[in-house]
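Here the structure comes first, spelled out in structure tokens, and everything after it is commentary.
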Amino acid sequence: MKIIADSGATKTDWCLINKAGEVKIVQTIGLNPYFLDEDDVLNVLQKDLYPFLDNKKVEEVFFYGSGCASLRKKQVLQSALDSFFMDAGVEVENDLLGAARALYGEEKGLACILGTGASSCLYDGEQIAERVSSLGYILGDEGGGASLGKQLLAAYFRNELPEHLQKIFAQKYPAELSRVLDIIYREPAPNRYLASFVEFLSENKSDFFVKELVSSAFDTFFKKQILRYDNYDKYPLCFVGSVGFIFADELRKSAEKHGLTISKIEQTPLDGLLKYHK
């Protein structure tokens, strides 16, 4: 059996491929080494993945994960996966390389992720040739789900939402500010919590206020990320991720403001990664 895994901040999609080429998808939580240590990762694998496979029969694992850009953090996942898949060859890479391979294969281009977080890179057809740091959900990730959630929450608690949206939000999320702050500052994976409010934005995506909030966030993404690359307008531009997929119209319009055309927007990189590792 071969496994291809795409792990974002919110969830991990495990693509299980048997020798007949049949594919099965299993989901677990996101395995970001900034929020989980090696024991935490092993617990998730034992509890949520083991029931769907015999880990002793797995021969290859290609794992692409958020938070794996640095060697030290990458090693957390490498050690956990090596322990769990004891007879398999395990390759752990950054989720951005996974996105680039899925979007371009062996071609060059600018690859972007807009999911819970937001990131980009210049891909040379084999590896990441250049990247602008996303800085994570506290300092950066402009345009990503956590960043959008922060902006929405701030607008709500400051009574800056239009009256009709204030009422809808209060009915859907009746929590008080003190409880929200407790979740953000005291509970695990606050970026996932913040990104959960993208659902509200999606449900009200036709509202002018929501359109402006999302469009402004995407404009910032292009300014902070894409426009930082030399000759950025000379490369193909492709996106992967739930936020970019949900708000594809707004994303394309924002790109056009900067003289850019988006070639492709995929919800997940799995189909592309299946082709790449076929």
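Here are the numbers:
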quantity: Residue ranges of helices (runs of 4 or more DSSP H) in the range 130-178 with at least 2 members more than 30 Å from Asp95 (Cα to Cα) and not basic (Lys, Arg); calculated: 145-157, 163-172
quantity: Scan of the range 85-99 for residues that are surrounded by 20 or more Cβ atoms within 10 Å (Cβ to Cβ) and assigned to a loop (DSSP other than H, G, I, E, B), ordered by number; calculated: Phe85
quantity: Residue that is least open to solvent (accessible area, probe 1.4 Å) [pool: residues in the range 184-198 that are of a type outside the set (A, V, I, L, M, F, W, C) and over 17 Å from Gly8 (Cα atoms)]; calculated: Glu187
quantity: Failed item, numbered, when Asp233 is tested on (1) farther than 27 Å from Thr12 by Cα; (2) open to solvent by less than 40 Å² (accessible area, probe 1.4 Å); calculated: (2)
quantity: Failed item in (1) of a type outside the set (Ser, Thr, Tyr); (2) in contact with a helix residue (DSSP H, G or I) (Cβ under 6 Å, 6 or more places away or on another chain); (3) modelled with pLDDT of 90 or more, with Leu77 passing the rest; calculated: (2)
quantity: The range 100-152, subset open to solvent by 10 Å² or more (accessible area, probe 1.4 Å) and at positive phi, residue modelled with the lowest pLDDT; calculated: Gly136
quantity: Filter result for Asn159 (on the phi > 0 side of the Ramachandran plot and polar (S, T, N, Q)); calculated: yes
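The values are calculated or read from the model by the stated rules, or taken from the named source; none is laboratory data. The model shown is predicted, which means the values in this text are computed figures rather than measured ones. Positions of Cβ are backbone-derived with ideal geometry, glycine not excepted, and every protein chain shown enters the neighbour counts. SASA here: full protein model, heavy atoms, side chains in, ligands and nucleic acids out. Shrake-Rupley method; radii C 1.70, N 1.55, O 1.52, S 1.80 Å.
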